[in-house]
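To keep things clear, I will list the structure first and then write my remarks on it.
The values are calculated or read from the model by the stated rules, or taken from the named source; none is laboratory data. Note that the structure is a prediction, hence the values are computed from the model and not measured. Heads up, the Cβs are rebuilt from the backbone with ideal geometry, glycines too, and the neighbour counts pull from every protein chain shown.
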Amino acid sequence: MFWLNFVILSYMKTVIKNISQLVQCDDKKLRFRAGNDMNCLKTIDNAYIEIENGKISSFGNMDQWNGITDWNSTTIIDAEEGLVLPTFCDSHTHLVFAESRESEFNDRINGLSYQQIAKNGGGILNSAKKIHQIDEEILYKRSLKRLNKLIKLGTGAIEIKSGYGLSVESELKILRVIKKLKETTPICIKSTFLGAHAVPERYKGNKNEYINLIINEMLPKIASNNLADYIDIFCEEGYFTNEDTIKILQAGKKYNLQGKTHVNQFNSLGGVKSSIDNDSLSVDHLEIMNDDDFLAFKGSKTIATILPSCSFFLGIPYSPAKEFIARNIPINLASDYNPGSSPSGNMNLVAALGSIKLKMNAEQVINATTLNGAYAMGIENKLGTISVGKMANLIITKPIPNYQYLHYSFGENLIDKVIIAGEEYK
Ligand code: NIG
Ligand code: FE
């Protein structure tokens, strides 16, 4: 019986036909695009894709398609003249949180700043209180619901951070929820330990003791239970210093956790250079950049992750995306989905903001939200482009004139179907 099942499964095939244009179909070995290369975007008109066992097995022009050889084990999806693109790779989110924080939003509308709200016990510490109180199963269910919504909006790979726990037990609670999401959803998920997100109430005035707790208690437990892929720190005035950043990144290295850091959101404290010098995979936020910060990227493999929906929602400056491109520094766009500074994880909006606010053209935006997002999660060999051998995580759009229309017609849901591992996600 097992062998029979195996034989049947191994012949599972899906064909997507009548694709008006296949977008971002490329060589599997491509790692990321930077500088002028961000203007490259390979397309095929009037195309098909064949999928076997969840992976892309071939694609091309409809005229080259051999047709169906085995009707019994082939599922046909008609794209009905829509475009097909790789799903979004969202490399920076805080999706596992207990409750929304719309009352703080209201305070901000009434004139308080993000920093003032945090000082008054709102912000990250508010979310930490709620995580402490919530049952783990309920936290999982709420997070799963959010994730399902995002998948239907075209996200096919996501990174999720801890950082609303700020105690050994609560940080582990979030990371276990992320692990369960990994095990129970078909998309690719990466997990990041962000114990150094804020100094918790009971360590006020005693930050070093909290850092010691992160290094000596949290990290060993997280590593021995395989609960994280990356390590993060919020390097910012009122949170953690450049020296703290170096200490945390070096402690993470001992457990093979590469850095993905929050730097330069409000102030440039040297965290960009320290993160890059310590081989971080990405440095994220980068709203405030000086020349030394830019120069720190020279010769590195670190990608700059830009979060335009956070700038949009908080009304803070946008990261200078075009300058990164002009300097040949790889960038990607991510949502920063969290209840305080970006309560939307919709990557369609992030892509539109990339065009409208960051002034990136359509080719640059698509590279920044697919291939380069995959690189910022270390998964560019299995997602981010339409390539033979990669996972078939795809967006089929409604019939639209071309891919420029995606960012132009912002706020409209242009997705017809989302395919995850070769199957329509419902
Ligand atoms: O990436 N900047 C730090 N952390 C989050 C916001 C956290 C919050 O306000 O809850 C961010 O924007
Ligand atoms: Fe963040």
* Scan segment 111-140 for residues that are away from ligand 1 (no atom under 11 Å from the Cβ), exposed (fewer than 15 other Cβ atoms within 10 Å of the Cβ) and either closer than 24 Å to N267 by Cα or small (G, A, S) (or both) and jot them down. => G111, S113, Q116, K119, N120, G121
* Asked: Residue check: is G345 among the small types (G, A, S) and assigned by TED's automatic domain parsing to the domain that holds Y405?
  -> no
* To do: Would you mind stating whether N367 is in the same structural domain as F105 (by TED's automatic domain parsing) and assigned to a strand (DSSP E or B)?
  => no
* Structure fact -> If we take segment 281-353, then helices (runs of 4 or more DSSP H) inside it with 3 or more residues that are within 16 Å of ligand 1 (Cβ to nearest atom) and among the acidic types (D, E) are none
* Asked: Between residues in segment 164-176 that are under 15 Å from L144 (Cα atoms) and modelled with pLDDT of 95 or more and residues that are surrounded by 19 or more Cβ atoms within 10 Å (Cβ to Cβ) and of a type in the set (S, T, N, Q), which pairs lie under 8 Å by C-beta distance while being six or more apart or on different chains?
  -> I174/S162; L175/S162; L175/S191
* Structure fact -> Counted residues in segment 242-267 being in a loop (DSSP other than H, G, I, E, B) and either among the aliphatic types (A, V, I, L, M) or surrounded by fewer than 19 Cβ atoms within 10 Å (Cβ to Cβ) (or both) come to 6
* Asked: Just for segment 81-110: of the residues that are of a type in the set (F, W, Y) and more than 30 Å from A47 (Cα to Cα), which one is farthest from ligand 1 (Cβ to nearest atom)?
  -> F105
* Is it the case that N332 is polar (S, T, N, Q) and closer than 23 Å to N39 by Cβ? -> yes
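Quick test for you: out of T184, T155, pick the one residue that is in contact with a helix residue (DSSP H, G or I) (Cβ under 6 Å, 6 or more places away or on another chain) and away from ligand 1 (no atom under 16 Å from the Cβ).
T155
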* Is there a residue being surrounded by 13 or more Cβ atoms within 10 Å (Cβ to Cβ) and modelled with pLDDT under 95 anywhere in segment 39-47? -> no
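Filter segment 57-101 down to the residues that are part of a loop (DSSP other than H, G, I, E, B), of a type outside the set (D, E, K, R) and at pLDDT 95 or above and list them by number.
Answer for segment 57-101, where residues must be part of a loop (DSSP other than H, G, I, E, B), of a type outside the set (D, E, K, R) and at pLDDT 95 or above: A79, G82, T87, S91, H92, H94, L95, V96, F97, A98, S100.
Given I356, I395, which one is over 29 Å from D78 (Cα atoms) and more than 16 Å from ligand 2 (Cβ to nearest atom)?
Details: I395 fails: over 29 Å from D78 (Cα atoms).
Selected residue: I356, the only one of I356, I395 that is over 29 Å from D78 (Cα atoms) and more than 16 Å from ligand 2 (Cβ to nearest atom).
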* Might you let me know whether segment 184-201 holds any residue that is over 30 Å from R146 (Cα atoms), part of a helix (DSSP H, G or I) and in the same structural domain as G122 (by TED's automatic domain parsing)? => no
* Asked: Can you list the helices (runs of 4 or more DSSP H) found entirely within segment 102-172 that contain at least 3 residues being over 25 Å from the mean Cα position of the chain (by Cα) and farther than 19 Å from L227 by Cβ?
  -> 102-109, 114-119
* Asked: Regarding N328, is this residue over 22 Å from I366 (Cβ atoms) and in contact (Cβ under 8 Å) with a residue 12 or more places away in the chain?
  -> no
* Looking only at segment 65-75, which residues are touching a Phe, Trp or Tyr at 6+ places or on another chain (Cβ under 8 Å) and more than 26 Å from P186 (Cβ to Cβ)? -> W65
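Which of the following residues is in contact (Cβ under 8 Å) with a residue 60 or more places away in the chain and under 25 Å from N338 (Cα atoms): L249, L286, L257, L269?
Among L249, L286, L257, L269, only L257 is in contact (Cβ under 8 Å) with a residue 60 or more places away in the chain and under 25 Å from N338 (Cα atoms).
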* Restricting the search to segment 370-388, which residues are part of a helix (DSSP H, G or I) and either among the small types (G, A, S) or under 11 Å from the mean Cα position of the chain (by Cα) (or both)? -> N372, G373, A374, Y375
